[in-house]
Every structure is written in structure tokens, then in C-alpha cells.
Amino acid sequence: MEDLARKEESMACIVHNYKHGFSGFAAMLTEDEAKQVAEFPEVISVQPSGWHTATTTRSWDFLGLSYQMPSDPLHKGRYGEDIIVGVVDTGIWPESRSFSDEGYGPVPSRWKGVCQVGEVWDRNNCSRKIIGARFYSAGIDQDALHKTEYLSARDADTHGTHTASTAAGSVVEAASFHGLASGFARGGAPHARIAVYKVLWKIADGSNSGSTAAILAAIDDAIHDGVDVLSLSLGGSDDFSIAALHAVQKGITVVYAAGNDGPSPQTIWNTAPWVITVAASKTDRSFPTMITLGNKQQIVGQSLYYLGKNSSRSSFKSLSNGGSCSAKFLNGTDVRGKIVLCTSPKSPLTTGPRGVHPGAQQNVFDAGGAGLIFVQYTTDLLRETDCNGRPCVLVDIDTGKKIEKYIDANRSPKVKIEPTRSITGQETLAPKVASFSSRGPSPDYADVIKPDIAAPGANILAATGSSYGIMSGTSMSAPHVSGIIALLKALHPNWSPAALKSAIVTTASVTDEHGMPILAEGLPRKTADPFDYGGGHIDPNRAADPGLIYDIDPRDYNYFFGCTITKTSASCNGTSVPGYNLNLPSISVPNLRYPVTIPRTVTNVGEANAVYRAEIQSPPGVKMEVEPSVLVFNAANKAITFQVKLSPLWRLQGDYTFGSLTWRNGQKTVRIPVATRMTIHDFYAD
């Protein structure tokens, strides 16, 4: 009886069993118990379960995927029909129009998933669109959850609903955010099926959080269920990279958000070479807001200001200079009923605009202010300007100076703020890498360029509950790529995850439609490089027909990254062979001291008879040579290996410089980024 009691006690500790993609379990253990388990000879390792958070109409037209005039990826890819996109996030709101299953056929017979019943969720909430739903509440402190949270796959946070509808939402006419950004709302693969895996939970302070154990369980279940694409808009670490590797080795393409800690370098998350890591870009849509000063001078800011149900028409209001708009600064200042000018710190050494803005906004409204004009350098704060029908407008520093001078020169300064309009078009410089998008190089795999690709992630309109909202983040850019991968998977069902990644990386744009280099927002704004956007900005129409692909047998990851994979275990012990020898659609050599020769193999997936010639852009300070420089393909010769030799021109402790290798066949180009850093010493801080 004592042994039975011990067994029952042990079983009660187990939170998740992993059995589909890999073998293991998650359990609630004390530190001493974890040490005892780690000593068992059958146990490879014991790791603590960490915690992770979430990382958002026009974007698809901007990418050339117009629903009204469908291009090849949409039309020939049948809008992603019957491709199954797994979304690992905060759940989903099934009543949203974006998840209508009208016109859908039966659920694909290969689907093995479930519709897990829970709070305010029964089997009727699954459909021919949302074909599966699971939630992972084991180990969650239910007392710490927000009062609006549901113990089910239902989304209380709206983040998961937004990402799912971005990747694979059905077509919805006349969607908008209070009249802004109006038009068709849809996902990249609007006819794809959605499988929901809720791992992030809304907690009492309004943020969301989920455990490593839950995310591992979701990936394990998704492998079993039969998804084609896994979209994870969450960050934290590479705790679940091995689970993602198992998914890739089962033919599932795994797409991750890069993180929102930009523009600082080496802040990128989710950097395993077998996944697609997505940076965020800005599109050509803007939200101009007219500011008229009392002297009739007009200034244009940016905001999401709309007239609420109880709002009066725009009129002149008193204008006050609130300085930093800290509680201390506003104390004793009468701002009741006034519009307040708030100035953020100009130095990144102090808390920047993103850190100051929420407090300044709250302080103004607590003091009775009617609205605010916030002065900042470019930081993509637009989402925070939704002040529920009150004006909260962003202006840049020189514009703020003009407003400040007007206030100083007038005894009774006045201002009128008009509701925002949304406009699109070629007059806006786009795309640009968003300032919040996390940057490389990868702190874990320096010999692998990360991020892989950039996609729209700033000011994205998508479903939020039963309405539509605007969100920004790499959380929004990742499902754009997931939707495109779903289309490409429908077009090329036999392509591997590596081939699909190659297709989007090698066809990405590094210039805008005017031929101008893509810029990266930051301190200062600069021309983007591979650590900002990987191969460049995604171009789904070109990716549908890439010409050549850099394919990888997923078993090769085991060898190159010291991973041992068996039916019962998996472990990675660091890089055993330089990662740049893996057949990735990029090259990164972080310690170039002597000439190094790197192999690459390309497979022709275009016209059988084709000749490609090398175009070399050497990284500054490095000589790059390619042999052979001409590749001749025919029906019998579909794959060709070539060598890239990189030689440092000087002996010095340098920094990263960038170049590229492009294979050209007429108008078709296949480009990979190259990053090198000349070094003399190991572990040398400059």
C-alpha cells in the first residue's frame, strides 16, 4: 500500500506528459526532488519551467496579395485551402466574423486534434474554420488570473484572436477601428483551417503569461494533431527550441516572433536555426491628425483619435505646457479641461518615450486634462494613442518645439485637434523596420543570421473579440509570415520547412518600390542590415517562384548543432560544427581570422534548363569569392554545390560588416545575406 501511495503521489505531481514529438514530462517538484530526478540514469536533463509573454487590412495589399485581384500565391494556392495553421497564443474568440466557416468543406480527414470543452466553450465553438482547440491550465495559479479570464480556449486578452485572424482569418467586409483603417480584414491564407493552443493566460495586472511546460505540451500536441504551420507570437528564450526541432523534423514549419526589445542589438528571441524568426516592419498606412494652433498654424501629428459616442465636435481648447508631465511636474498646475504638451526624454540613456508615455498620459487625465500632445523621437507608439475618444497625439521633436514656442509667445494659447484620418499610398516611405523590433546578432547562434525575414507588424488591424483593433509588435509580423507559409505550402505541398524558409528569404526585398534602401527606425534611423531584417522584407509573389532553394535535410541539424535525437530522447549540447556550414539561405562568420571556405547547395525548382551567374557584394574588409561562379541546371542536374571563400583583408579586432551573394538568371534573382566579423582574440569586449 505504501508503494501505491508513493506512485499516486508521484503521478499527482505530473503536469504534462510529452509523447508525440519527444519524450518527457513536466512536474511540480521541489529543488531537492528535481536534483534526485536528475541523477536517474534514464534522465538526460532536468530544466526549470520558465515564463513567457506575448510579443499584431492594409498589410496584405501592401505585400501584393490583393483579394480583389488575386495573385498566384492566393489563386494557385487556393487561398490556403485545407492547410492547417496552429496558433499557440492566448486563445481565440470564436464568434468573431473572421472565423466564419461559411462555404467551408468538411474538416480534413488527416486532422487528429480535439475540441477541448471548458468555461464558456463547448464543442459547438469549434467549426469547419476553427477545427481544434486546446488549453493548458495545469500549474496555473487560478487566483492570480484576471477576473475576465476563462478556463478554456476562449481568449480574454484578444492577442490570440488578433494573431489567428492575421494568419488565417476569413474575409470580412467593412472592418475598421472606429472608422479608421476601414476595408476588408482577412488573413494571409483566408481559407486555411485554424487549430488553437492556449498557453498564455491573462493575469490580474492585465498582462499575459504562460509556462515553458505548457508551450512544450502545445507543440507536442500540435505534432500529433497534424498541423502544417505553427505560429508562435511569444518570446522569452530558446527553452522550447528542441520541441520546435521535433516539429520541423515532422515537416511542420515553425514561425516565431523576433521580440519587441529593439532597437538595441542582440535582443532577438527565438533564434534556433530550424525556425523562422520574424522582425516587424511598417507599411504605407499612416494616421494623420490635424492640430490647429490659435494662430491658425496647422501641424500634422499621428494618433488613433476618434470621436466617441459622448464626444462633442472638435473645438478650440486651452493649451498648456506640462513639461515631462510627471506627477510632480503637474502638481499645482491647473490643466483641467486643457490639452497638455508633454515632452519625453531625448536621451536613450534615460527612460525613452515608450517608458514615459503611459505615465504621462495617465498623469494628464488624473489631473483633469482633456488630452495631450506627446513629443517624441520615432518609437512607434501609435497603439497607445487610443485614449477612448480623447485626443492623444504624437508629434516629433521639431514639431514639438514649434508648439512650445507658440505657448511661450501667447498668454492664452489655444489648440484644436481634428479626428484622425487613415491614408495609404506611395507618398509614405515604406517598408521600414519598426523601432521596437528586436535586432541581431543572435546571442545564442552567432553563426546564424537572425532575424530571418521582416513582415508587417506595426499598426495592424485584425480581430479583437467581436470587433477589430489595431496592434503593433513582432507578434503581428509572425502571423503574416505564417499565412504566407500556408499559401506556399498549398502551392508546394512537398517542400520542406527549410525550402519554404529559403523561398521567402532569398526573394525578399532590400529596397522599396522607388528603389530606395529599406530603413530601420532606431537611434538614429539608418539603412537596414541583416541584423534588422534578415534577408529583407517578405515578398510573397516572388517567394511562390524562387527559382533556386537552399534545402536542408532536417536530420542535419542534429549533426551541426550537437543534437542527439532518438525516439525517446533529445538533447543539444552546443555547436559541434560551425553553423555557417549548414545549408542556410544566409552566411554569418562571427570570428573571421583566416580565410574560410563555406559550402552551399542550391536546388533548381524553376525551369529545368537554366543558367545562374553569381553577383558578389563583399562585406567591407573582406574578399568574397564564389566557385563556380556559373551554375548550369538541366533535367539531370537539379542540385549544384558551390563554395564561398571569405578572406579578411586586415588583421584586426573588428565589428560586423555585411554583403550578399546573388544568383541571377535574367530577371530572376536568388539573394542571401552575408555577415562577417574580423577578430584576433576570443571573448574580447570592445
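The values are calculated or read from the model by the stated rules, or taken from the named source; none is laboratory data. Model, not experiment: these values are computed from the prediction. Heads up, the Cβs are rebuilt from the backbone with ideal geometry, glycines too, and the neighbour counts pull from every protein chain shown. Surface accessibility is based on the protein's heavy atoms, side chains included, excluding ligands, DNA and RNA. Shrake-Rupley method; radii C 1.70, N 1.55, O 1.52, S 1.80 Å.
Annotations for the structure displayed:
- Test: Lys198 is closer than 28 Å to Tyr104 by Cα and surrounded by fewer than 23 Cβ atoms within 10 Å (Cβ to Cβ): no
- Meets criteria (touching a strand residue (DSSP E or B) at 6+ places or on another chain (Cβ under 7 Å), on the phi < 0 side of the Ramachandran plot and open to solvent by less than 10 Å² (accessible area, probe 1.4 Å)) for Ile453: yes
Here is a yes/no grid of residues against (1) outside the structural domain of Gly457 (by the TED database); (2) over 16 Å from the mean Cα position of the chain (by Cα); (3) surrounded by fewer than 21 Cβ atoms within 10 Å (Cβ to Cβ); (4) at pLDDT 95 or above:
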| residue | (1), (2), (3), (4) |
| --- | --- |
| Val505 | no, no, no, yes |
| Val510 | no, yes, yes, yes |
| Leu523 | no, yes, yes, no |
| Gly535 | no, no, no, yes |
| Tyr557 | yes, yes, no, no |
| Phe560 | yes, yes, no, no |
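- Filtered by the rule that a residue be open to solvent by less than 50 Å² (accessible area, probe 1.4 Å), part of a helix (DSSP H, G or I) and modelled with pLDDT of 95 or more, region 123-158 gives a lone residue, Asn125.
- For region 181-192, a residue qualifies if it is touching a helix residue (DSSP H, G or I) at 6+ places or on another chain (Cβ under 9 Å) and either open to solvent by 20 Å² or more (accessible area, probe 1.4 Å) or closer than 9 Å to Ala462 by Cα (or both), and the qualifying residues are Gly183, Phe184, Ala185, Arg186, Gly187, His191.
- Selection status of Ala164, modelled with pLDDT of 95 or more, crowded, with 24+ Cβ neighbours inside 10 Å and farther than 28 Å from Cys387 by Cβ: no
- On inspection, Ala462 does not qualify as out of contact with any Asp or Glu (no Cβ under 7 Å at 6 or more places or on another chain), under 18 Å from Pro585 (Cα atoms) and open to solvent by less than 20 Å² (accessible area, probe 1.4 Å).
- Test: residue in region 537-549 that is closer than 23 Å to Val611 by Cα, part of a strand (DSSP E or B), out of contact with any Gly (no Cβ under 9 Å at 6 or more places or on another chain) and of a type outside the set (S, T, N, Q): yes
- Identity of the residue in region 319-360, farther than 19 Å from Ile407 by Cβ and buried (at least 20 other Cβ atoms within 10 Å of the Cβ), that ends up modelled with the lowest pLDDT: Pro353
- Tallying residues that are open to solvent by 30 Å² or more (accessible area, probe 1.4 Å) and β-branched (Val, Ile, Thr) within region 63-122 yields 4.
- Among residues of region 416-437 that are of a type in the set (Lys, Arg), those with a Cβ under 6 angstrom from a residue that is in a loop (DSSP other than H, G, I, E, B) and surrounded by 22 or more Cβ atoms within 10 Å (Cβ to Cβ), sequence gap 6+ or separate chain, pair up as Lys432/Glu521.
- Of all residues in region 203-236 being touching a helix residue (DSSP H, G or I) at 6+ places or on another chain (Cβ under 8 Å) and among the hydroxyl-bearing types (Ser, Thr, Tyr), the one that is nearest to Val107 (Cα to Cα): Ser231
- Among the residues of this structure, Ala446 counts as one that is in contact with a Gly (Cβ under 9 Å, 6 or more places away or on another chain), open to solvent by 10 Å² or more (accessible area, probe 1.4 Å), among the small types (Gly, Ala, Ser) and in the same structural domain as Ile538 (by the TED database).
- Filtered residues of region 582-611 (kept if of a type outside the set (Phe, Trp, Tyr), farther than 15 Å from Ser442 by Cβ and not in a strand (DSSP E or B)): Asn583, Pro585, Arg593, Pro595, Val605, Gly606, Glu607, Ala608, Asn609
- Near pairs, Cβ below 8 angstrom, 6+ apart or cross-chain, from region 466-485 (acidic (Asp, Glu)) to any residue that is modelled with pLDDT of 95 or more: none
- Residues that are modelled with pLDDT under 85 and either surrounded by 24 or more Cβ atoms within 10 Å (Cβ to Cβ) or at negative phi (or both), drawn from region 167-180: Glu173, Ala175, Ser176, Phe177, Leu180
- Looking across region 473-497, the residues that are open to solvent by 10 Å² or more (accessible area, probe 1.4 Å) and in contact with a strand residue (DSSP E or B) (Cβ under 7 Å, 6 or more places away or on another chain) come down to Lys489, Pro497.
- Answer from Ile291, Ile252, Ile299, Ile268 - the residue that is surrounded by fewer than 21 Cβ atoms within 10 Å (Cβ to Cβ) and of a type in the set (A, V, I, L, M, F, W, C): Ile299
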